[in-house]
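See structure below.
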There are 2 protein chains.
Amino acid sequence: MDRYTKEELLALTPREYRRMCRSGEWTGETFGVCRGYAQTDLAIIPRKYAYDYLVFCHRNPRALSVVDITDVGSPHPPRLAPDADLRTDLPRYIVYQNGEIIDEPNDILKYWRDDLVGVLLGCSASFDWALRAANVEPRSNGVFSTNVPSVPSGIFYGRIAVSCRLFKNSYEAVRAVQISSRHLIVHGPPMHIGDPAFVGINDMSNPDLIHPYGDVTPRGPLPGEVAMFWPCSATNRLVAVDAKIPVMIVDHFRCMLVIDKRAEEVAIL
Amino acid sequence: MDRYTKEELLALTPREYRRMCRSGEWTGETFGVCRGYAQTDLAIIPRKYAYDYLVFCHRNPRALSVVDITDVGSPHPPRLAPDADLRTDLPRYIVYQNGEIIDEPNDILKYWRDDLVGVLLGCSASFDWALRAANVEPRSNGVFSTNVPSVPSGIFYGRIAVSCRLFKNSYEAVRAVQISSRHLIVHGPPMHIGDPAFVGINDMSNPDLIHPYGDVTPRGPLPGEVAMFWPCSATNRLVAVDAKIPVMIVDHFRCMLVIDKRAEEVAIL
């Protein structure tokens with residue numbers, strides 16, 4: 001991956017980038033590629049559980065906002081990236097079996113079955129482009145589980161996960177609420193501002209779900225910084241453990257699907 | 001219904017109004033009641049078809065935007081009006097059997113079954129409050145079927161229905177795009193501006209799905225007026241005929257469910 005400069009990675013088209021994932025050339029994270037293009041999280045589940053899962057997403061729409069659904073058995077998301085292959089085009093996956101992680105592979109060809117459905121979910125990596133376009137550049141503080149319960153559906157239940165961003169000051173925090181609110185399909189506005197203990201996060205230096213992206217030393221807010229927390233599709237990782245369905249496959253940490261739509265297109269889908 | 005003044009109807013709470021529908025006291029349309037509160041369209045279908053139907057809604061999100069889903073067999077929408085009863089709290093219903101209208105009753109108690117699911121869908125009657133709040137007051141021109149195909153899912157397919165509003169001038173039309181775009185969950189922005197023939201509407205004086213509300217003479221735009229067309233949940237009526245599922249129940253013309261959330265709350269759900 002060192003063959004590419006930072007600028008070359010940003011200039012890749014989603015199709016070029018997905019081909020690099022498909023061939024195995026790229027197995028790293030999806031931050032910093034395909035400037036301006038939206039990325040989605042992924043949940044792959046058997047059709048048998050898909051109705052309850054879709055209802056679960058509807059009942060927790062800011063955490064799990066459905067943006068595309070494959071036909072049963074098809075790995076191609078028809079609306080957002082019809083030529084993408086969900087089995088190979090993410091850099092890395094997590095495979096759960098009965099609630100346990102059994103594999104963290106770079107493709108899921110050997111796990112694919114005719115009864116699987118792929119659900120693409122809005123990812124805040126999308127509105128990060130919009131923040132940057134407005135010169136609002138928070139420090140990433142990773143993804144945490146909270147003590148906030150989701151609204152259950154069938155066997156799906158559990159706590160909401162949140163991504164945390166640290167903003168220089170209130171001015172930038174307010175701008176970020178404005179900007180993310182325009183991106184309602186990719187989580188929309190934050191669900192909490194300020195004291196992390198209020199949503200059950202006791203140690204800001206140690207995100208339990210996904211470590212931060214980029215230079216984040218020190219973790220937790222500096223004096224004057226404002227911490228804001230967005231509902232996050234990593235909620236799926238809590239759900240997969242709790243629901244214990246026979247198979248559920250999700251995107252690995254910071255390894256999303258880059259789709260053919262720009263973040264600003266997804267905002268007005 | 002003549003017992004109530006216009007202002008008394010506007011001042012009703014959703015709960016009071018739903019009770020009037022439930023008791024049979026109110027069987028008329030839901031425009032002009034419960035000022036500021038959102039209204040939703042309704043599709044009731046057997047669980048057997050509900051997965052394909054939800055996927056259909058996802059693939060046509062501006063026409064059919066899902067805002068709440070009942071548990072299987074429950075007539076109570078948990079998220080938006082938990083004490084509402086979908087069997088009695090709309091003024092009137094249309095009952096389809098194998099694609100044919102078999103009844104247009106004021107309640108559906110006798111059609112209710114343990115395998116039915118209620119899906120609440122965003123309705124533009126919600127953003128009409130926001131238009132009025134901004135002194136943008138279009139003439140209603142009713143609801144038409146178009147020649148624009150929906151994206152199919154399973155047995156669900158068909159053309160998109162649109163509601164048409166006529167705006168005094170471009171200034172008001174632009175304001176209406178801005179305002180309705182804030183209400184993405186209730187259809188969002190118009191899908192077409194201008195020539196109705198472009199979406200297959202050849203006779204603006206004769207809406208084939210729902211007649212206009214209020215004083216609309218003459219129908220079709222006056223000189224200088226701008227016609228705009230919003231995707232509409234009346235798409236369900238085209239779908240019900242085409243899909244021919246054993247039973248599908250939808251809201252009757254202009255007889256929606258008034259929910260406990262204000263239109264502006266639904267905009268940021």
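Figures for the structure shown
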quantity	calculated
Debye, to nearest 20: dipole size of chain B, +1 on Lys, Arg Cβ, -1 on Asp, Glu Cβ	360
Check: the protein assembly as shown dipole with +1 on Lys, Arg Cβ and -1 on Asp, Glu Cβ, in debye	300
Convex hull of Cα atoms in the protein assembly as shown, direction-averaged projection (nm²)	25.2
Dipole of region A:155-237 [Lys/Arg +1, Asp/Glu -1 at C-beta], most positive-end residue of A:Ile160, A:Gly194, A:Gly224	A:Ile160
Nearest-10 value in Å² for the accessible area of B:Arg132, using the 1.4 Å probe	90
For region A:37-109: Kirkwood Rh in Å [reciprocal of mean 1/r, alpha carbons]	13.5
Evaluated over region B:1-157, the Cα radius of gyration and Dmax, each in Å	16.5, 47
Convex hull of Cα atoms in chain B, direction-averaged projection (nm²)	12.9
With all protein chains modelled, accessible area of B:Met256 [1.4 Å, Å²]	10
Over 21 Å [Cα-Cα, region B:132-269], rounded percent	46
Net +/- balance of residues flanking A:Gly224 in space, Cβ distance below 14 Å, scoring K and R +1, D and E -1	0
Gyration tensor (alpha-carbon) shape descriptor, region B:65-173, a/c threshold 1.5	prolate
Of the GluC sites (Glu not before Pro) in region B:16-53, those whose Cβ has at most 14 other Cβ within 10 Å and which sit in DSSP loop	B:Glu25
Residues in region B:77-98 occluded by at least 40 Å² - accessible area, probe radius 1.4 Å, against chain by itself	B:Arg79
Choice from A:Pro207, A:Pro149, A:Pro196 showing the highest fluctuation, given a GNM over chain A with Cα pairs closer than 10 Å	A:Pro149
Accessible surface of the protein assembly as shown [probe 1.4 Å, protein heavy atoms]: carbon and sulfur percent	52
Listing of region B:20-61 residues, each with accessible area lower by at least 20 Å² in the full protein assembly than in the chain alone (probe 1.4 Å)	B:Arg47, B:Tyr51, B:Leu54, B:Val55, B:His58, B:Arg59, B:Pro61
Separation of alpha-carbon centers, region A:227-253 and region B:1-80, rounded to whole Å	32
About the Cα centre, charge dipole magnitude for region B:40-104 (Lys/Arg +1, Asp/Glu -1 at Cβ), debye	300
Label spacing, shortest first and in nm, from A:Glu264 to its equivalents in the remaining copies (7 angstrom along Cα→Cβ)	2.8
For region B:7-80, accessible area per residue (1.4 Å probe, heavy atoms of protein chains only), Å²	33
Per-residue SASA entry for B:Phe31, accessible area with 1.4 Å probe, Å² rounded to 10	50
Residues with amide H under 5 Å from that of B:Tyr37, placed H, sequence gap 5 or more	B:Ala263
Accessible surface buried once B binds A (1.4 Å probe; total of both sides; Å²)	1900
At least 30 Å² of accessible area lost relative to the chain alone, listed for region A:153-201 with a 1.4 Å probe	A:Leu184
GNM flexibility winner over chain A from A:Arg62, A:Arg219, A:Arg92 (Cα, springs under 10 Å)	A:Arg219
Calculated from backbone phi, Karplus (6.51, -1.76, 1.60) coupling profile of region A:64-79 in Hz, x at Gly/Pro	10, 9, 6, 10, 6, 9, 7, 5, 4, x, 9, x, 10, x, x, 8
Accessible solvent surface per residue of region A:179-269, calculated while the other protein chains remain in place, 1.4 angstrom probe, Å²	40
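The values are calculated or read from the model by the stated rules, or taken from the named source; none is laboratory data. Because the structure is a prediction, the values reported are computed rather than measured. Methodologically, a virtual Cβ is constructed for each residue, glycine included, from the backbone with ideal geometry; neighbour enumeration extends over all protein chains shown. Keep in mind that these areas ignore ligands, DNA and RNA; they rest on the heavy atoms of the full protein, side chains included. Shrake-Rupley method; radii C 1.70, N 1.55, O 1.52, S 1.80 Å.
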